[in-house]
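Enquirer: The following block contains the structure, expressed as structure tokens.
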């Protein structure tokens, strides 16, 4: 079955520390991968996307993600987080054979000063 | 700026009283989606319109209906809201036909059922 797994429901980190949010998807021949951020009481905003080409994708707000086909992963990273990065982060996958985008259950990133 | 606009941002309705949420877009996207998001959960797709074609998810209750009178507007109608329908409702759009394109979300409408 097609699925997306975000193993960490919450990730607390100190300000200016690096962070990695994990995302794994069920295997498929080809996929389109996305990371969205959701601030409180707002909609989802696209951080970055992988469609094809370079496996390292850079997004907004200093985030980047690496597509790893052999491990079916698309982990999100930032080398130094800021208080303003406190939000919920959703990984999403779109399989070429389907029209629906499947969301992971989300990871709440909390930044400690 | 091209965008997805949802009105109202906050909606309070009474148990069983019909309510309509609205969404408009200036992106000229051909697909519009409605998602339900409950606290600390992923958005759950209710249905979407691909142009004029309505696509309902199998597990979407009959209580939820949608209308898309034109390309720019889409409405979510909840015929008889229950307490369990209290949630954030998110509208999203995309341009299909080329594959792999992301969703563009509005800021959502938070529905409270009293």
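We did not get these values from a lab; they are worked out from the coordinates using the rules stated. Model, not experiment: these values are computed from the prediction. For neighbour counting, all protein chains shown are included, and Cβ atoms are generated from backbone atoms with ideal geometry for every residue, glycine included.
Enquirer: Extending each Cα 7 Å along its Cβ direction at residue A:77 and residue B:79, get the distance between those two points in nm, one decimal.
Expert: With each label point 7 Å from Cα toward Cβ, the separation is 5.2 nm.
Enquirer: Now, a different point. For chain A, set up a GNM with springs between Cα atoms under 10 Å and report which of A:19, A:37, A:11 has the largest fluctuation.
Expert: Per the Cα network of chain A with a 10 Å cutoff, A:11 tops the list.
Enquirer: Provide a whole-number value for the mean count of partner chain Cβ atoms within 10 Å of the Cβ atoms in peptide B:42-48.
Expert: Details: counts 12, 9, 1, 4, 0, 0, 2.
Per residue, the number of nearby Cβ atoms from other chains is 4 on average.
Enquirer: Next question. Report the full-extension gain for the segment residue A:27 to residue A:61: residue separation times 0.36 nm, less the Cα-Cα distance, to one decimal in nm. Before the final figure, lay out each step's value.
Expert: Numbers: separation 34, 0.36 × 34 = 12.24 nm, distance 2.89 nm.
So the chain would gain 9.4 nm between residue A:27 and residue A:61.
Enquirer: Right, something else. When DSSP assigns beta bridges and you keep just the ones with both residues in the protein assembly as shown, what percent turn out antiparallel, to the nearest 5? Working shown, then result.
Expert: Working: 70 of 79 bridges.
Around 90 percent of the beta bridges assigned by DSSP in the protein assembly as shown are antiparallel ones.
Enquirer: Round to the nearest 0.05 the FRET efficiency obtained for residue B:55 and residue A:5 when R0 = 30 Å and r is the Cβ-Cβ distance.
Expert: Numbers: r = 26 Å, r/R0 = 0.85.
That gives a FRET efficiency of 0.75.
Enquirer: Using only the Cα atoms, work out Rg/Rh for the protein assembly as shown, with Rh taken as the Kirkwood radius, to two decimals.
Expert: On the way: Rg = 17.7 Å, Rh = 18.2 Å.
With Rg and the Kirkwood Rh in hand, the quotient comes to 0.97.
Enquirer: Here's something else I'd like to know. Residue B:38 to residue B:12: extension gain in nm, 0.36 nm per residue of separation minus the Cα-Cα distance?
Expert: Numbers: separation 26, 0.36 × 26 = 9.36 nm, distance 1.56 nm.
Gain on extension, residue B:38 to residue B:12, equals 7.8 nm.
Enquirer: Still on this model: Any idea what % of Cα-Cα pairs in the range A:1-63 are farther than 17 Å?
Expert: On the way: 1060 of 1953 pairs.
Summing the P(r) tail past 17 Å for the range A:1-63 gives 54 percent.
Enquirer: Also, quick follow-up: When only C-alpha pairs under 8 Å and at least 6 residues apart count, what is the relative contact order of the range A:16-90, in percent? Could the numbers behind the result be given before it?
Expert: On the way: 134 pairs, mean separation 30.3, N = 75.
The normalised contact order for the range A:16-90 reaches 40 percent.
Enquirer: For Cα pairs less than 8 Å apart in space and 6+ apart in sequence, what is the mean separation divided by the residue count of chain B, i.e. the relative contact order in percent?
Expert: In percent, rounded to a whole number, it is 38.
Enquirer: If you count the DSSP beta bridges with both ends in chain A, what percent of them are antiparallel, to the nearest 5?
Expert: Antiparallel bridges: around 85 percent, rounded to the nearest 5.
Enquirer: Compute the distance from the alpha-carbon center of the range B:56-97 to that of the range A:24-47, in whole Å.
Expert: Answer, in whole Å: 21.
Enquirer: Now for a different question. What length, rounded to one decimal in nm, is gained on full extension from residue A:52 through to residue A:108, with 0.36 nm per residue of separation minus their alpha-carbon distance? Each step should come with its number before you reach the end.
Expert: Details: separation 56, 0.36 × 56 = 20.16 nm, distance 2.75 nm.
Once the chain is fully extended between residue A:52 and residue A:108, it gains 17.4 nm.
Enquirer: Over all directions, what mean area does the Cα convex hull of chain A project, stated in square nanometres?
Expert: Working: hull surface 27.3 nm².
That works out to 6.8 nm².
Enquirer: Would you calculate the volume per residue, in Å³, of the smallest convex hull containing every Cα atom of the range B:1-47? Display every interim value, and only then the final one.
Expert: Values: hull volume 5.6 nm³, N = 47.
Spread over its residues, the Cα hull of the range B:1-47 gives 120 Å³ apiece.
Enquirer: Related question: Send over the semi-axes of the range B:15-114's equivalent ellipsoid, whole angstrom and largest first, taken as the square roots of 5 times the C-alpha gyration tensor eigenvalues.
Expert: On the way: eigenvalues 104, 39, 30 Å².
Each semi-axis is √(5λ); the values are 23, 14, 12 Å.
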